[in-house]
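Reading through the structure tokens given below for one structure.
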Amino acid sequence: LYHRHFEITHNNQFSPPAVTITLWHFATLRHEHNEYKMKASKILFGIVLFLSAGSGAFAWASAAATSAVVLKDYSGAAAGLFNNMRTPAALIAGSIVPLGLLGSVPVVEGDDSRTRLLKRGNILVAIASVLSEIIAITYSTIAINKLAEIQYPATASVVELVINHHELAWIGTNIHFLGGMLGFGLLVGNKAFLNFGHRVGKVAACWGVAAFLQCLSIVNRGIAMGSGTLEETSARIASNLFTLTTRYIFLVLKKADGVLSIASIGIFGMSLVLLAKLLLTNPESATPKNKTA
């Protein structure tokens, strides 16, 4: 280290130093200034890290609290789901009785083969739809009663409760309610065809079939959505109405452990055989003598 002393005078001559600039002092001050800047940067960086870690920990704690499963008693919610099916099923069944049963049109001798088929199909669809809604009402009513009478373990969702303890009742209620509702829609178009002739009937039949197909599409989308959240599906019983029906048939056969249920399955199978014979029979030869069928 060394010192240099300068003094600038008016005559540009060197004289004893009046103003002294010490380069060593200047370097020392500059070094201390740099150290202060580094320390301030370290402190600022530490504060940023602390805040980041704090926000990360808070986000992690929030996510953990959100993802934590809360077990609750969903019996009331499950009963509400069954009641959503039971009330409309009763209304539809009551509407089918005058439309398809009391107001049925008999088969007469002068009817052509298409009219005979529509008249027979009208009464069969009406009977099947009413009985389907009655089964839906029975399933849902018994399930609602059991949900009130039995204390079930707490579950993470209402779907878990239904699947664990009332899967057959839930699927059966949906299948029979939807089957009766779709049959009711077909009856409306068929009734117009029989009462007002082919020209009006064709329009009504097209409307009925269009509504039937649209309802099937809506049902399939609802079944495919399953349950859970919009981001993640936690439970899906089936992918469409067909797979839901096969699941229902499987559960019915699996739980047919009593005389009544086994007899019911056997009688239903016999009715399918009789239905096949009816469809394969010549409509002209099947017309009775009294001009009605």
Notebook entry, point to check: What is the extension gain from Leu216 to Asn84, computed as 0.36 nm multiplied by their sequence separation minus the C-alpha to C-alpha distance, in nm to one decimal?
Noted result: 45.7 nm
Margin query: So if each residue of separation counts as 0.36 nm, and I subtract the Cα-Cα distance between Leu280 and Ile134, what length gain in nm does that give?
Written below: 49.7 nm
Check: Highest mean first, what order results for 263-271, 216-224 on Cβ atoms within 10 Å?
Finding: 216-224, 263-271
Item checked: Those residues of the stretch 196-218 whose amide nitrogen sits under 20 Å from the label point placed on Ser95, 7 Å along Cα→Cβ -> 196, 201, 203-218
Checklist line | Carbon plus sulfur fraction of accessible area for the stretch 109-177, probe 1.4 Å, in percent | finding: 66
Next item on the list: Please label the shape of the stretch 61-182 as rounded, prolate or oblate, based on the square roots a ≥ b ≥ c of the eigenvalues of the alpha-carbon gyration tensor (a/c under 1.5 means rounded; beyond that, a/b larger than b/c means prolate, else oblate).
Entry: prolate
Checklist line | Normalised convex hull volume, the stretch 129-281, alpha-carbon set, Å³ per residue | finding: 143
Next item on the list: Using a cut-off of 13 Å between beta-carbons, work out the net charge of the residues near Ala192 (Lys and Arg +1, Asp and Glu -1, Ala192 not included).
Entry: +3
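The values are calculated or read from the model by the stated rules, or taken from the named source; none is laboratory data. Source: prediction; values computed, not measured. Don't worry about glycine lacking a Cβ; one is built from the backbone with ideal geometry, like all the others, and counts go over all protein chains shown. These accessible areas exclude ligands, DNA and RNA; they are computed on the full protein's heavy atoms, side chains included. Shrake-Rupley method; radii C 1.70, N 1.55, O 1.52, S 1.80 Å.
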